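Just so it is clear, none of the values below were taken in a lab; they were calculated from the coordinates. The model shown is predicted, which means the values in this text are computed figures rather than measured ones. Virtual Cβ from ideal backbone geometry, glycine too; neighbours counted across all protein chains shown.
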């Protein structure tokens with residue numbers, strides 16, 4: 001008799017368990033009203049979404065899940081925008097074994113409340129590439145910077161405002177596994193200085209070992225990140241730079257490519273364009 005009672009009790013508990021563990025979505029998270037993709041930090045991408053929650057008076061539970069999306073769960077934040085002094089976020093809980101969380105939000109009335117949800121998104125990154133065309137006299141160049149945005153995060157963005165820490169922002173749609181290139185900075189007529197660099201620690205100099213051959217001297221264009229150069233408002237990100245020269249016949253000559261690092265305001269960078277054998281070192 002005791003065994004039968006025990007088995008009946010266990011059966012009732014087993015039947016009741018799924019109902020106890022299931023989550024009740026009292027408020028469904030609506031579609032994004034606006035999205036910002038911030039690329040200021042090269043090591044992390046910040047996403048800011050604005051959504052309108054339909055809140056009822058009292059306690060509301062809002063479900064936010066990110067299955068197959070590379071979200072850093074510890075970075076998720078919710079900010080109330082319309083009634084920040086009235087609508088309160090009381091608690092955040094993480095259902096076990098699920099890429100999800102539940103916000104408990106108190107509202108003193110029935111509101112259509114605008115909130116901002118921010119988080120760090122992995123596997124979405126950017127590259128900066130530059131294209132520079134020098135004039136025939138090699139005294140100035142036209143610089144264009146392109147943003148290459150690569151999305152392998154698992155999330156599709158129908159439309160988003162993409163921001164770097166300088167240059168133009170733009171509205172863009174980018175799907176999962178998509179790569180897009182966008183022009184975000186144009187700097188015409190940037191002054192350049194042509195520089196030949198001889199370093200005996202790196203280049204051979206003994207004429208007897210060279211068998212009367214000229215040594216190639218590295219040549220670069222020096223650019224200063226300052227206001228009189230048409231720059232100087234922000235640090236320039238590093239990346240691959242392709243360099244061309246106007247040949248005077250409405251065409252260009254490819255000079256070469258180089259990789260640059262971060263160029264702070266007031267600092268200079270040198271773009272390598274090749275070796276010159278017009279100078280003899282003995």
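A Gaussian network model of the chain, with springs between Cα atoms under 10 Å, assigns the largest mean-square fluctuation among 133, 217, 192 to 217.
From helices alone, the chain scores -2500 deg cm²/dmol at 222 nm; the rule is -39500 (n - 2.57) for each run of n ≥ 4 DSSP H residues, then divide by the residue total. For the chain, modelled as a GNM whose springs connect Cα atoms under 10 angstrom apart, the maximal fluctuation among 228, 194, 202 occurs at 202.
Whole number please: convex hull volume per residue, Cα atoms of region 23-121, in Å³. Before the final figure, lay out the partial values.
Values: hull volume 10.2 nm³, N = 99.
About 103 Å³ per residue, rounded to a whole number.
Computed over all pairs of different Cα atoms, the Kirkwood value for the hydrodynamic radius of the chain is 24.0 Å. Against the chain, whose longest principal axis is taken from its Cα atoms, helix 2-21 shows a tilt of about 40°. The modelled label-to-label distance for the pair residue 81/residue 57, using points 7 Å beyond Cα in the direction of Cβ, is 2.7 nm.
Rounded to 0.05, the FRET efficiency of the residue 93 and residue 70 pair, given R0 = 22 Å and the Cβ-Cβ distance, is 0.50.
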